[in-house]
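Step one of this worksheet: look at the structure below.
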Amino acid sequence: MQPLNLYSMYKPTLYLIATCCILFLFSSCAVNKSAEAVRFRALQKGKIKDDSSYVYSLPFAVADKHRLVQGYFSRFTHRNRAALDFKMKKGTAIYAARGGVVMRVKEDGDKGGLDGHYRQYGNNIIINHNDSTRSGYWHLQYNGAVVNVGDTVQQGQLIGYSGNTGYTAFPHLHFIVWRSERGNWRQIGTRFQTRKGAKYLRPFKKYKRLK
Ligand SMILES: [Zn+2]
């Protein structure tokens, strides 16, 4: 075989390697260095302790296990967001991470993709808690909510089914908590009950809900 043929054979691979290198370089420059992002990385690594905040349940069924593919201020689409992405198959049952009153339900979206214009199709449920915080569950499947606005839900109650609607690259649950600070809604990180106690979750790890 001639060298030229070899080159054309491996051309797609070479392009892939080059693209990965560029993406890697780009992402290392893109780390969020705000005070808040730095604080969250320290919390995630256990360098700062926090034992007063509410402990959330993992938002899926007892004994279910899902990988956290993006954590707080991750480099891909969460650079400026204190949000969590759990990878899961479409149709996975979603449970309330904390009790409260349902304030918003959208379940008529039927499209999703990695492009900003898909954002409007993102099905979601938002639950108000009793301490000026609220939490959101995103990318649910079409008609994927089993609760209605005004319903009171308990922590660990079934609220809907995951999907891939809205601005998303693959089926997952995007979970987010906000706190009202003098009228401004700010995204905050929260602790979850895990096998190893109440923890801030770390990206790329798998988490199993115990109870
Ligand atoms: Zn997300």
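Throughout, read-outs are computed from the coordinates displayed, never taken from laboratory work. Computed from a predicted model, the values in this text were never measured in an experiment. Cβ: placed from backbone, ideal geometry, glycine included. Neighbour counts: every protein chain shown.
Laid out as a table, the results:
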item	result
Pair Ala198, Val62: separation of 7 Å Cα→Cβ label points (nm)	2.1
Semi-axis lengths, Å, the chain, gyration tensor of Cα atoms, sqrt of 5 times eigenvalues	33, 22, 17
Region 106-136 and region 49-102: distance between their alpha carbon centers, rounded to Å	14
Cα-Cα over 24 Å, subset of Lys45/Lys65; Lys45/Lys106; Lys106/Lys211; Lys45/Lys205; Lys47/Lys90	Lys45/Lys106; Lys106/Lys211; Lys47/Lys90
Footprinting exposure proxy for Glu181, Glu107, Glu36 (fewest neighbouring C-beta atoms within 10 Å first)	Glu181, Glu36, Glu107
HN-Hα J in Hz across region 53-62 - Karplus 6.51, -1.76, 1.60, θ = phi - 60°, x for Gly and Pro	6, 4, 9, 7, 8, 4, x, 9, 5, 4
Electrostatic dipole magnitude of the chain [Cβ: Lys, Arg +1; Asp, Glu -1; Cα centre; debye, to 20]	920
Net length gained if the chain between Val38 and Met103 were fully extended (0.36 nm per residue, minus Cα distance)	20.3 nm
Selection from Ser132, Val146, Phe40 lying farthest towards where the dipole of the chain points positive, charges on Cβ	Phe40
Over region 119-211: Rg over Rh, Cα atoms, Kirkwood Rh	0.96
Hydrodynamic radius (Kirkwood) for region 50-168, which is based on Cα pairs only, to one decimal in Å	14.6
Residue (of Met103, His174, Tyr72) at the positive-pole extreme of the chain, dipole from beta-carbon charges	Tyr72
Contour excess over end-to-end distance, with Cα ends at Asn148 and Ile48 and 0.36 nm allotted per residue	32.2 nm
Most fluctuating residue given options Lys106, Lys11, Lys49, as computed from a GNM of the chain linking Cα atoms under 10 Å	Lys11
